[in-house]
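A short worksheet on the structure shown next.
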Amino acid sequence: MSLIKSISGIRGTVGGAVGSNLTPVDIVSFVYAYQRCMRESNPPVSGGRYRFVVGRDARISGPMVEQLVCGTLCACGADVVRIGLASTPTTELAVQFAGADGGIIITASHNPRQWNALKLLNSKGEFLSAAEGGKVLECAAAGGYEFASVDEIGHVTDHDYTDAHIDSVLALEAVDAEAVRAAGFKVVLDPVNSVGGIIMPRLLERLGVRCEVINGEPTGDFAHNPEPLPAHLTALGEAVVKSGADLGVSVDPDVDRLAFICENGEPFVEENTLVSVADYLLEDAVSRGVTPLVTVSNLSSSRGLRDVTEARGGVWYPAAVGEVNVTTLMHEKGALIGGEGNGGVIYPASHYGRDAMVGVALFLSCLARRKCSVSALKASLPQYHIAKARIDLPDFSKVPVVIEGVKKLFAGERMNTVDGLKIDFEASRSWVHIRPSNTEPIMRVYAEAPSQENAESLAAKVLEAARGLLAA
């Protein structure tokens with residue numbers, strides 16, 4: 001059982017002891033701290049009562065957490081726009097649509113069913129900055145609660161922004177809905193028993209795509225590990241081949257991550273999601289003379305984005321892992337597109353947040369314009385292989401020891417210590433990155449190379465060293 005408080009929110013396993021798990025007491029404390037910090041930092045957007053959007057994925061604990069969140073906000077004198085079952089990007093956009101002062105997303109993203117979390121948004125529908133998140137943590141630790149009187153209690157209104165989200169995706173200039181409709185695609189969708197089963201079929205229908213759904217009922221009882229990785233999508237691959245579909249589409253429980261399956265049932269690989277969409281947008285931008293050509297991804301993402309960006313005459317920038325770190329750098333550099341190698345596409349023309357809805361619309365537009373299969377598109381991209389591993393981290397105090405030990409192992413190589421330790425081997429076009437997770441009590445080790453064998457060998461070398469250092 002676990003509870004993780006970070007600048008991006010609070011995440012934990014539901015039930016158990018207060019302060020060690022995600023309990024009602026912890027939820028109320030954190031929501032109180034969030035709304036208090038938002039009040040102290042900004043006047044209300046509307047000039048009247050503060051208003052916050054609350055949306056959730058389909059997790060089993062979602063209704064219980066939603067009641068606590070909405071009740072706490074009302075008890076603090078704030079109004080709530082409750083949007084119910086909604087994707088993370090829908091909730092982000094709803095903050096803008098509703099003219100709200102912020103929002104809370106109830107989702108643990110790719111974590112297993114026993115987890116839930118609160119993700120915090122500002123008035124732009126973007127995740128709080130590191131400084132803002134730090135203030136929330138300080139306020140939560142300080143306590144000192146004061147609630148509204150009976151005449152000042154806030155009110156809850158219900159609103160569904162699903163269609164507004166879909167409309168905004170179809171309105172994007174780079175989404176060629178006409179070409180997608182003409183292509184007559186058939187897709188098998190796996191929304192892993194969450195909100196993707198509600199919104200994604202509606203978008204695909206609007207694009208004229210025939211859609212077959214597996215694991216579509218939004219029960220929160222996930223049919224398989226909810227992280228959209230190749231090892232978890234074998235059933236989707238089989239369904240694609242059996243139905244003769246053009247591709248398979250997989251999203252995580254809150255629909256901010258996106259992975260594809262080729263028409264032959266093989267993984268497109270989630271690292272290629274951002275690379276393929278970025279290459280399409282870069283090509284389009286070059287044809288229209290759009291500048292600057294800037295892309296951003298985190299340090300654990302494929303080198304492929306750098307390659308396609310530089311091939312089009314653009315510049316790629318690396319950011320620390322964490323969506324807010326990527327979007328902050330994207331703002332700073334004026335990026336055309338950015339995101340994360342886990343299947344997270346961030347397209348500023350829509351909004352500054354990972355959005356699988358935007359990603360799938362752009363990907364289908366690319367396929368339709370290039371008139372190629374998914375496997376052919378994959379073959380046209382830079383060819384890299386990535387190995388992803390993890391180590392349990394019961395004691396976060398040992399992280400510096402591990403980092404310093406791995407540094408010594410690779411002394412003389414080019415290193416980046418912005419987020420854990422990333423070591424680049426330019427001559428072999430490979431890299432390895434070890435860092436503590438922002439969302440789980442683990443250390444992640446990612447390695448990438450032109451061959452799977454080399455990537456796994458590099459990751460194994462770092463894993464062996466890290467385990468030894470943790471055991472010492």
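Just a few scattered comments:
- Pairs of alpha carbons in the stretch 71-137 whose separation is greater than 20 Å (percent): 31
- Span-rule helices in the chain, defined as complete DSSP H runs reaching 20 Å or more along the axis (Cα) with Kyte mean at least 0.5: 356-370
- Here ASP160 and ARG49 are evaluated by their C-beta separation; at R0 = 30 Å the FRET efficiency comes out at 0.85.
- Length added when fully stretched, LYS242-GLN452, from 0.36 nm per residue minus Cα-Cα: 72.8 nm
- Rg(Cα) / (2.2 N^0.38 Å) computed for the stretch 165-261, rounded to two decimals: 1.04
- The calculated P(r) of the chain, using every Cα pair and 20 Å bins from 0, goes 25, 58, 18, 0 in percent.
- Pairwise inverse Cα distances across the stretch 165-218, averaged and inverted, put the Kirkwood hydrodynamic radius at 11.6 Å.
- Stretched out straight at 0.36 nm per residue, the stretch from ASP221 to PHE147 would grow longer than its current Cα-Cα span by 23.1 nm.
- Using the Cβ-Cβ distance between THR417 and ARG288 with R0 set to 35 Å, the FRET efficiency works out to roughly 0.35.
- Residues with amide H under 5 Å from that of ILE337, placed H, sequence gap 5 or more: VAL294, VAL296
- The helix-based estimate of mean residue ellipticity at 222 nm for the chain, built from -39,500 (n - 2.57) per DSSP H run of four or more residues and divided by its residue count, is -12000 deg cm²/dmol to the nearest 500.
- In range of the label at ALA235: residues from the stretch 150-194 whose backbone nitrogen is under 14 Å from the point 7 Å along Cα→Cβ: 189-194
- Expressed as a fraction of 2.2 N^0.38 Å, the value expected for a compact globular protein of N residues, the C-alpha radius of gyration of the stretch 260-368 is 0.98.
- Electrostatic dipole magnitude of the chain [Cβ: Lys, Arg +1; Asp, Glu -1; Cα centre; debye, to 20]: 640
- Whole-percent pair-distance distribution, where bins are 10 Å wide, for the alpha carbons of the stretch 3-160: 12, 46, 37, 6, 0
- Cross-link pairs exceeding 29 Å in C-alpha to C-alpha distance, out of LYS5/LYS398; LYS119/LYS333; LYS186/LYS422; LYS119/LYS398, comprise LYS186/LYS422.
- Sorting the segments 67-73, 195-201, 17-23, 354-360 by their residues' average number of neighbouring beta-carbon atoms within 10 angstrom, most packed first, yields 354-360, 195-201, 67-73, 17-23.
- The stretch 385-471: equivalent-ellipsoid semi-axes (sqrt of 5 x gyration tensor eigenvalues, Cα, Å): 20, 14, 11
- The H on the amide N of VAL249, modeled in the peptide plane, is under 5 Å from the matching H of VAL188, LEU189, ASP190, ILE261, each at least 5 residues off or on a different chain.
Every number in this text was worked out from the coordinates using simple rules, so none of it is lab data. Computed from a predicted model, the values in this text were never measured in an experiment. Here the Cβ is made from the backbone with ideal geometry for all residues, glycine too, and neighbour counts use every protein chain on show.
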